[in-house]
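Presented below is the structure to which this report refers.
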Amino acid sequence: MDERDERVVVTPAAPGSETEPVTVSSGQALVGVFTRPRPTFEGMRAKPHYRLALAILLVFQLLFTIAIFESGAILNDTVAKLEAEGKPQDQIDRVEQMFQQPVTVAFSAVGGVLGFAFVTLVVSGLMYFMGNLIQGAKLTFTHYVSAAAHGYLVGLVDQTVRAILAFQKGTLHISLGAGLLLPEDMGPLGKALDTATDPLMLWSTAVLAIGVSVYARKGIGFGILTVLPGFLIALAASAFR
């Protein structure tokens, strides 16, 4: 069998054996990735699903952005930043009027969806580089997109919690990790530490690592190294948000 075939062919086990893979549908994967991620990814190894999970993610991003705008959290954070920079009141008033325009919400919602899709492809590309080119795995790009889509599906729990807290507090500056013990003005390092210790984000990252390691038939160390660049980029982004 040549190298190209190895990427897409799963050697079937004998019928009735314990190692026989159980095929998982895209709908079953939506639940299984939360409760039994390893068997779920094993059931998708021959045919890695991603379309349904990605569609749900994009719809959620659209609704999430609209809801956050309606909560006033983005406006409150923007006004607070302008006031801290000593901007004149007339400039702040113009910003408030801009945020009240429906077109601003529409552009932000569409931008959020496109931005999330772009990030998913970039992270999948980074994992492809780390997994295939650096560590010698023989997976297709679709395998990495599948792992990313289902890992981010678990990450919706983190986003949902943050959205609920944003509605309650009127700000997007939400801490779910070590930031709960740090001063409000924790600085870039504190923000990165808060993200790195957010248990819900770590759950999502762990599912990502499990997904690529199962797809590649390798240990969890392979998965950790594969997702590490994307995780570090997320930390850097959180530090300067």
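The values are calculated or read from the model by the stated rules, or taken from the named source; none is laboratory data. Model, not experiment: these values are computed from the prediction. Positions of Cβ are generated from backbone atoms using ideal geometry, with glycine treated the same way; all protein chains shown enter the neighbour counts.
Taking the condition among the hydrophobic types (A, V, I, L, M, F, W, C), closer than 25 Å to T35 by Cβ and in contact with a Pro (Cβ under 9 Å, 6 or more places away or on another chain), does V161 pass? Please lay out each step first, then the result.
On the way: among the hydrophobic types (A, V, I, L, M, F, W, C): yes; closer than 25 Å to T35 by Cβ: yes; in contact with a Pro (Cβ under 9 Å, 6 or more places away or on another chain): no.
Criteria not met by V161.
Looking only at residues of segment 212-241 that are in a helix (DSSP H, G or I) and among the aromatic types (F, W, Y), we find that the one that is nearest to the chain's Cα centre (by Cα) is F231. The residues listed here are L176, L232, L208; of these, the one that is under 22 Å from A137 (Cα atoms) and surrounded by fewer than 20 Cβ atoms within 10 Å (Cβ to Cβ) is L232.
Out of the residues in segment 155-211 that are among the polar types (S, T, N, Q) and in a loop (DSSP other than H, G, I, E, B), which is modelled with the highest pLDDT?
Step one: filter segment 155-211 for residues among the polar types (S, T, N, Q), giving 159-160, 168, 171, 175, 195, 197, 204-205.
Subsequent filtering for residues that are in a loop (DSSP other than H, G, I, E, B) retains 171, 175, 197.
On the way: T171: 89, S175: 92, T197: 95.
The qualifying residue modelled with the highest pLDDT is T197.
Of the helices (runs of 4 or more DSSP H) contained entirely in segment 30-118, those carrying at least 1 residues that are surrounded by 18 or more Cβ atoms within 10 Å (Cβ to Cβ) fall at 37-43, 51-71, 73-84.
Give the residue that is nearest to A234 (Cα to Cα), with candidates limited to residues of segment 179-199 that are exposed (fewer than 15 other Cβ atoms within 10 Å of the Cβ) and in contact with a Gly (Cβ under 9 Å, 6 or more places away or on another chain). Before you say what the answer is, go through the steps one by one.
From segment 179-199, those exposed (fewer than 15 other Cβ atoms within 10 Å of the Cβ) are 180-181, 183-185, 187-189, 199; that's our starting set.
Okay, now just the ones that are also in contact with a Gly (Cβ under 9 Å, 6 or more places away or on another chain), so 183, 199.
Numbers: P183: 21, P199: 14 Å.
If we take residues in segment 179-199 being exposed (fewer than 15 other Cβ atoms within 10 Å of the Cβ) and in contact with a Gly (Cβ under 9 Å, 6 or more places away or on another chain), then P199 is nearest to A234 (Cα to Cα).
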